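Presented below is the structure to which this report refers.
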Amino acid sequence: MSQMMTATKPRRNIELLLLLLALVTGIGANMLVGLEADQPFNDDFFIQAGTLTGIVLAVHIVLRFRAKYADPVILPIVTALNGIGLAMIHRIDLATGQSAAASQLLWSAVAIIAAIAVLLVIKDHRILRRFTYISLAVSALLLVLPLVPGLGTQINGAQIWIMVAGYSFQPGEVAKITLAIFFAGYLSTNRDLILLAGKKVGPLQFPRVADLGPMLAAWLVSIGVLVFQRDLGSSVLYFGLFMAMIYVATSRVSWVLIGLGLTAVGGFVAMQLFSHVALRIDSWINAFDPEVYNRAPGGSGQIVQGLFGLASGGLTGTGLGQGRPDLVSYANSDMIIAAFGEELGLIGLSAIIMLYVLLVTRGFRAALGTRDGFGKLLATGLSFVIGLQCFVVIGGVTRLIPLTGLTTPFMSAGGSSLLANWIIIALLLLISDASRRPVARGPLPDDDLTAATQHPVAETSKQNSTNGAATEAVKKQ
Amino acid sequence: MNQAIRNTWVIAIAMFALVLGAVTYVQFFAADELKANAWNNRQLYKQFGSDRGSILVDGKQIAFSEPSNDQFNYQRVYDPGGLYAHLTGYFSLVYGATALEDVMGEELSGEASELFIDRAMAMLSGNQPRGYSVGLTIDPELQKIAHDVLGNHSGAVVVMDPENGDILAMASTPTYDPNKLAGHNTSEVVENYEQITSASKNPLYNRAIEGDLYAPGSVFKIIDTVAALESDEYSPDSTLQNPQQIDFGGYSLPNYAQGGCAAQSEASFAFALQQSCNTPFANIALELGGERIQAEAQEFGFGQKLSIPLRVTPSVFPDDLEGAALAQSAIGQRDVRTTPLQIAMMSAAIANDGTIMKPQLVDTVRSPDLEPVSSPEPQTFSTPTSPEIANQVTEWMVGVVDEGIGSSAAIPGVEVAGKTGTAELAVPGQNNSWFTGFAPADDPQAVVSIVVSDVDVQTGGQIVGPGAKRLLEAVLNQ
């Protein structure tokens, strides 16, 4: 096992210190926004600062009891991102007269409480492996929900929303998690089988047709999302998630090649068949063509205005509250990166991107450290999906790739996205706890954690008599 | 499996690297190009969306920014619109900024480099950066009279304090309403602009300092007179030849038939100026030569760049003149072109002992908290002649008003110095009528320069002389 022994100290005090720093950043940004609008310390400000501080500290306290070896950097990073996201949404509210910040705060609270619930209820991520196929069913349900007549709603041409009691919700965000759980469970159980069978062509070993099942399922889900929900961004996200997890499970580049081949075929066919995909690509390539710029809907006006915003920010930015991010449509959701680039400049935006880099890296670190294959796959999948989402969003805003309507994790206005991403963070925290927790040398603590660990061991050894690394790792416990 | 995790991490990092590269490209390398893009209204929004400073006359705002409920946040307002249009100019989304809105743009927007320290202090103290206000030297009462004097005619008026160069009034007609060009509805602004500029006399020109300029006619004789007195060939007592006409073989330059010039075939400077005879001054120019007349004109400001801080079109006295062309030019005809401000500067030199103070329209620039930050000091523009000659010419100019053809400008109990001018235009019977002068002659409070164009002699005379009288009276009554 290439297991690097990390420090086995809990490091919760460092987390608390960093957390205070993150809160100062987020609340400070919100204060600057208020100062700029000549309304610094009103009730809203204290409610927002108090709520964020209270619930984030609650997470910290829960971690002290439930997962005291969890990575101490993850929670502060996410808190900082959520905090400055709230500040920017508040700032854009002031310019546009919306009141998105209040609902974003409410959703932040809901999402963080959900994260606490995950920490309290699940306790050990390995339990989730039991729910492999249930997760598949839930994923299918979540993806189909927006298509159910009467429940699903089409917003901006994408059929990815459901309306419940006046609230719109994007079930696809949560499907990221359930799909990751399914794939982690399925692949950690079947990876040996998939690995051993198959033909070798040159240096590449290709899988058996029968083992292509999950790959095809992934492909179908992605294409289905693209075709029925008209959501290119989520489609790319799901497919990227599958590809990363299949690669990590098999370590076979051939799978990635097959996947990319399928993507290319699917993408090409989609471009031919579906105008919304073709329009996206056209407004990406010909963004500065007057006809494309003025086309409504589906023109490049949004992306071009976003680029203008970024350009006007330059190196140092205009300063919070001094730019005109309100000139870009969806400034507080899809285009929030452009708003940050404008007001905080290249330096500020780079700092934000570095926070994501650190967050994703800590997720991967948890994947490396944890001893079970399921946890490794799950952590990798969840971390990669955050990274990929950042890539798709920021790449779209900067015209590196076509712009798709995805949220920027933790920052964009949007409850579903916040909820899903905070649950992902809870899972990563649990996995990192398992990864950093010292291997028990004495008798195992007498709590239900033992039961949770023993179940997968039994299952794995029954199914796979050949020794995979994951099985071995679990056995050692 | 761990190796695959590491590889996947590398891919994730590679994606972030790509994204960082893209952000750097857009925000740094491509930023200038994107900022210059025609679709990029951000600079405009920034410029137009700021609380721009006011332009003030005697403490009252004549141009200011008012909060508006559109995406620009502020609307520029001109009050009263037409009276100060040529001074303020307009601040238009479509046509940019003109006049003071243009030349004082950095102060009005608060971005001038000399205001850097103030700006930094404002930033540190948490104040919003706001524009600086610009106070003018204009006297609102004189400005109204100046407009009134011109009435429906096309022309211009300049009233100036000869001792410090302060411009007390500067009017140009026809005028326009800058509010019509400062609106945020661009199609409406374009329509208004086309309507304004379709007039036969373009109202956008500030005729006092720019536009097609005017032939000065006889007011130019002051420069001939100074040139003569500065030369060795003439003295104040010289007797000038005053033939009824000068023949140039095919063309002859006459004295004005209806004036008093015909009474004498020889004339003193006093008489020649009083009756505005042409041939004595043509003779002076022919004797001194074109170069010396041109040099004298240049000392008075012809051909020189000037900003007050509005940019003034230099007046023109052509090169290499001789014969008939020189004779005609000496009486302000042919290709000599001037601005009413230049003529006011000429009178100011006579009024101020031979020294022209640089004309100045801006009195004080004030910070948003009304602290004065700069206030132009009076500067000498040039010294075209000596106090002796200036006083001599003043005396003769008093005679023009007291005994000569400028009597319509006379003010009871006050010595007014003046000179009339009439320049013939290409259309027969149409003239530019001029009056320039100052009062009181011994202690000049203000110089006046008035021109109306495209009028017959009588109409012009009824406007410019009495107009000057009204303006000078208003100054003296203060």
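Counting only Cβ charges, +1 for Lys and Arg and -1 for Asp and Glu, the dipole size of chain B around its Cα centre is about 1960 debye. Phi angles of the range B:48-63 translate, via the Karplus equation with coefficients 6.51, -1.76, 1.60 and θ = phi - 60°, into HN-Hα couplings of 7, x, 10, 7, 6, x, 8, 10, 10, 10, 6, x, 9, 6, 9, 9 Hz per residue; Gly and Pro are given as x.
Between the C-alpha center of the range B:35-108 and that of the range B:1-29 there is a gap of 46 Å.
Take the Kirkwood radius over Cα pairs of chain B, plug it into Stokes-Einstein at 25 °C and 0.890 mPa s, and you get 100 µm²/s for translational diffusion. When DSSP beta bridges are limited to those with both residues in the protein assembly as shown, what percentage is antiparallel, rounded to the nearest 5? Of the beta bridges lying entirely in the protein assembly as shown, close to 95 percent run antiparallel.
Taking 2.2 N^0.38 Å as the expected size of a compact globular protein, what ratio does the Cα radius of gyration of the range B:386-478 give against it, to two decimals? After normalising by residue count via 2.2 N^0.38 Å, the value is 1.09. Each principal axis of the Cα atoms in the range A:326-447 has its own extent, and those three values, largest first, are 63, 27, 23 angstrom. Treating each Cα of the range B:181-253 as one equal point scatterer and applying the Debye formula with no solvent, the log10 of I(q)/I(0) at q = 0.14, 0.19, 0.27 Å⁻¹ comes out as -0.72, -0.97, -1.20. Over chain A, DSSP H runs of length four or greater, each weighted -39,500 (n - 2.57), average out per residue to a 222 nm ellipticity of -23000 deg cm²/dmol.
Evaluate Rg over Rh across the range B:281-416, taking Cα atoms for both radii and Kirkwood's formula for Rh. Let's see the in-between values first.
Working: Rg = 17.9 Å, Rh = 17.0 Å.
Expressed as Rg/Rh, it is 1.06.
In order along the range B:419-431, phi translates into HN-Hα couplings of 8, 9, x, 9, 10, 6, 9, 4, 6, x, x, 9, 9 Hz, rounded to whole numbers, per the Karplus curve 6.51 cos²θ - 1.76 cosθ + 1.60 with θ = phi - 60° and x for Gly and Pro. Between the Cα long axis of helix B:140-150 and the first principal axis of chain B there is an angle of about 60°, rounded to the nearest 10. For the peptide B:34-43, the mean number of other protein chain Cβ atoms found within 10 angstrom of a residue's Cβ is 5. Note on A:Thr8 and B:Ala426: their simple-model spin labels are 10.3 nm apart, each label 7 Å out from Cα toward Cβ.
Compute the angle between helix B:290-300 and the longest alpha-carbon principal axis of chain B, please, reported from 0 to 90 degrees and rounded to the nearest 10. Between helix and principal axis, roughly 60 degrees.
Tell me the net charge near A:Tyr238. Cut-off is 12 Å between Cβ atoms, A:Tyr238 excluded, with +1 for each Lys or Arg and -1 for each Asp or Glu. Before the final figure, lay out the partial values.
Numbers: positive: A:Lys176; negative: A:Glu173, A:Asp231.
Charge balance in the 12 Å sphere: -1.
Pairs of alpha carbons in the protein assembly as shown separated by more than 46 Å make up 49% of all such pairs.
The local environment of B:Leu213, defined by Cβ-Cβ distances under 12 Å, has a net charge of -1 under the rule Lys, Arg +1 and Asp, Glu -1. For chain A, complete DSSP H runs whose alpha carbons reach 20 Å or more along their own long axis and whose mean Kyte-Doolittle score is -1.0 or higher are A:12-36, A:43-66, A:74-96, A:100-122, A:171-196, A:213-228, A:232-250, A:253-273, A:336-369, A:373-397, A:415-436, A:448-463.
Here is the link list: B:Lys358/B:Lys419; B:Lys60/B:Lys144; B:Lys305/B:Lys358. Which ones come out longer than 18 Å on Cα distance? Result: B:Lys358/B:Lys419 exceed 18 Å. The lysines within cross-link reach of B:Lys35, meaning a Cα-to-Cα straight distance under 20 Å and a gap of 8 or more places when in the same chain, are B:Lys46.
Treating the beta-carbon of each Lys and Arg as +1 and of each Asp and Glu as -1, no other charges, what is the dipole magnitude of the protein assembly as shown about its Cα centre, to the nearest 20 debye? Mind dumping the intermediate values first?
On the way: 56 positive and 83 negative charges, 2014 e Å.
The calculated dipole for the protein assembly as shown is roughly 9680 debye.
May I ask for the distance between the Cα centers of the range A:278-300 and the range A:120-164, given as a whole number of Å? When both Cα centres are located, 33 Å separates them. Note: relative contact order over chain B, using C-alpha pairs below 8 Å and six or more positions apart, is 15 percent. Since only B:Tyr193, B:Ile331, B:Leu229 are under comparison, the one whose Cα sits farthest along the positive direction of the charge dipole of the protein assembly as shown, derived from C-beta charges on Lys, Arg, Asp and Glu, is B:Tyr193. Distant-in-sequence amide contacts of B:Ala63, defined by a placed amide H-H separation under 5 Å and a gap of 5 or more residues or a different chain, comprise B:Ile55, B:Asp79. For chain B, which longest stretch is free of loop sites, where a loop site is one of the GluC sites (Glu not before Pro) that DSSP puts outside H, G, I, E and B and that has at most 15 other Cβ atoms within 10 Å? Answer - B:1-232. Helix B:340-351 and the longest principal axis of the Cα set of chain B meet at an angle near 60°. Name the shape class, rounded, prolate or oblate, that the alpha-carbon gyration tensor gives for chain A, where a ≥ b ≥ c are the square roots of its eigenvalues, rounded holds for a/c under 1.5, and otherwise prolate holds if a/b is larger than b/c and oblate otherwise. The shape class here is oblate.
Rounded to the nearest 20, the Cβ-based charge dipole of the range B:368-478 about its Cα centre (Lys and Arg +1, Asp and Glu -1) stands at 320 debye.
Other residues within the sphere of radius under 13 Å centred on the Cβ of B:Ile196, judged by their own Cβ, net out at -2 (K and R +1, D and E -1).
Since every read-out is calculated from the coordinates, none of them should be taken as a lab result. Only a predicted model underlies this, so the values are computations on that prediction, with no experimental measurement involved. All Cβ positions, even for glycine, are placed from backbone atoms using ideal geometry, and neighbour counts span all protein chains on display.
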